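The values are calculated or read from the model by the stated rules, or taken from the named source; none is laboratory data. Only a predicted model underlies this, so the values are computations on that prediction, with no experimental measurement involved. Neighbour counts are summed over all protein chains in view; Cβ atoms, including those assigned to glycine, are modelled from backbone coordinates with ideal geometry.
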Amino acid sequence: MKKTIMSIQHLLAMFGATVLVPILTGFNPSVAIFCAGLGTLIFHFCTEGKVPVFLGSSFAFIPVILMTKEAFNGDLAYAQGGIMVAGLLYVIMSFIVKAVGVDKIKIYFPAQVTGAMIGVIGLNLLPVAFNMASSNMLIAMITLAISLYINKFGKGFIKQLGILIAVFSGYTICLVMGLVDVSTITQASLLEIPKFTLPKFSLEAIVIIAPVVIAVFMEHIGDMTTNGAVVGKNFIENPGLNKTLLGDGLATIVAGFLGGPANTTYGENTAVLAITKNYDPSLLRRTAVFAIGLACIGKFGGFLQSIPVAVMGGISILLFSMITLVGFKTVKDSECIQNKNNIIIIATIMIIGLGTTYLNNKGIVIGIPVTQSVTITGLSLAAIVGIILNRILNNQDFKVDNDKKVISAQTTTV
């Protein structure tokens, strides 16, 4: 019974954010929950059951999914294809990491690149949140205020449930005011298999989505490092970063194939580990099974689809702002801005990542022989240019200590 309760806590911790991504992008929430559970089991299989991690929907993919959706007239199947290719890139990177070592890979993803990219992702998402909130600004602001209050004054596990409590509160207010369409609940079956959909593949969709892997690669390393610090183990070494990347990649491939958003390791569940001091990986596997079962309850899926847009808009303003702040904090903590070359890199990433989106909302259109024109989004172009520019401006050899850990670079402060 104790393990069951602990697992339910993990389920509640990941639930709000995991459900928010499909609601924002148009994917089926039940499929997303199912893929999160299945992806977690895949991850644990790849990592020999050693890492107490739960995989949920990735926020980093939201802007590129929305861009793909718009490019293909609302057909999310093409986004699924792009997500599968992104997962495949993760798998390829896992083999590369195993072959050449973590340190030689990390030099291509310093804070001035990854921090700036995370910031760009958050800033690209904020207009989406404000557009949703504008459907009923009062409800959105009430939801936002509740989430801010809990985030500021909440204690312990209540604070971890801030998203869920805020959404439930906003939903209740809308229900009282008659702003909720409950037909999705009444028309849904009690039990039903989630509505899986097959992917479609297009070079344009792949080019839009796949490069986001560049931005989330270092996020994965950060999550594994944080999780290991909480548990007291080095998961980068055992079971190894290559195995955690493999698990994440395969989970994302499966999610794309079934019709869900990309998966990623969840900090919310790491926070639960820190609070409870129970680091048993089997708890997360039990949580995954609960998630799969929950996804097959039709009434529950109908409830998720009935949540008013304004409620999700209010909570999204907070979440997307936090993503932006995480990016800026990554840059600040690394002290990389002490080097003028890094300031140039950060500025270039921000200008490209925001400029092509805010100015024309389309990205860069290029013509490829024997194919249709392909749109490279501002996010993708910013990531590619950032990595290349960093290697051009900071191209001196890195000094490595006896433990093969990068400790300094002649032209950067990292």
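Given the structure, is residue 20 surrounded by fewer than 22 Cβ atoms within 10 Å (Cβ to Cβ), within 30 Å of residue 131 (Cα to Cα) and either polar (S, T, N, Q) or modelled with pLDDT under 95 (or both)?
Spelling it out, it is not the case that residue 20 is surrounded by fewer than 22 Cβ atoms within 10 Å (Cβ to Cβ), within 30 Å of residue 131 (Cα to Cα) and either polar (S, T, N, Q) or modelled with pLDDT under 95 (or both).
Is it the case that residue 131 is closer than 20 Å to residue 323 by Cβ and in contact with a Lys or Arg (Cβ under 9 Å, 6 or more places away or on another chain)?
no
Hey, can you tell me all the residues within the range 108-161 that are assigned to a helix (DSSP H, G or I) and touching a Cys at 6+ places or on another chain (Cβ under 8 Å)?
111, 112, 115, 139
Hey, among 294, 304, 273, which residue is assigned to a helix (DSSP H, G or I) and either under 30 Å from residue 229 (Cα atoms) or acidic (Asp, Glu) (or both)?
Details: 294 fails: either under 30 Å from residue 229 (Cα atoms) or acidic (Asp, Glu) (or both); 304 fails: either under 30 Å from residue 229 (Cα atoms) or acidic (Asp, Glu) (or both).
Sole residue among the options that is assigned to a helix (DSSP H, G or I) and either under 30 Å from residue 229 (Cα atoms) or acidic (Asp, Glu) (or both): 273.
Please verify whether the range 51-74 includes one or more residues that are within 23 Å of residue 229 (Cα to Cα) and either over 17 Å from the mean Cα position of the chain (by Cα) or part of a helix (DSSP H, G or I) (or both).
Looking for residues that are within 23 Å of residue 229 (Cα to Cα) and either over 17 Å from the mean Cα position of the chain (by Cα) or part of a helix (DSSP H, G or I) (or both), one finds at least one in the range 51-74, hence yes.
Checking residue 265 against (1) among the β-branched types (Val, Ile, Thr); (2) within 15 Å of the chain's Cα centre (by Cα); (3) modelled with pLDDT under 85: exactly one of these is not met. Which one?
For residue 265, the exception is condition (3).
Out of the range 210-239, which residues are within 17 Å of residue 82 (Cα to Cα) and more than 13 Å from the chain's Cα centre (by Cα)?
Passing the criteria: 210, 211.
Which residue out of 153, 168, 201, 196 is within 23 Å of the chain's Cα centre (by Cα), surrounded by fewer than 20 Cβ atoms within 10 Å (Cβ to Cβ) and free of Cβ contacts under 8 Å to residues at least 60 places away in the same chain?
Numbers: 153 fails: within 23 Å of the chain's Cα centre (by Cα); 201 fails: free of Cβ contacts under 8 Å to residues at least 60 places away in the same chain; 196 fails: free of Cβ contacts under 8 Å to residues at least 60 places away in the same chain.
Checking each option against the conditions leaves just 168.
If residue 124 meets every condition in (1) surrounded by fewer than 24 Cβ atoms within 10 Å (Cβ to Cβ); (2) under 27 Å from residue 330 (Cα atoms); (3) of a type in the set (S, T, N, Q) apart from one, which number is that one?
Answer for residue 124: the failing condition is (1).
Identify the residue in the range 70-99 that is farther than 17 Å from residue 39 by Cβ and touching a Pro at 6+ places or on another chain (Cβ under 6 Å) and, among all such residues, is surrounded by the fewest Cβ atoms within 10 Å (Cβ to Cβ).
The selected residue is 77.
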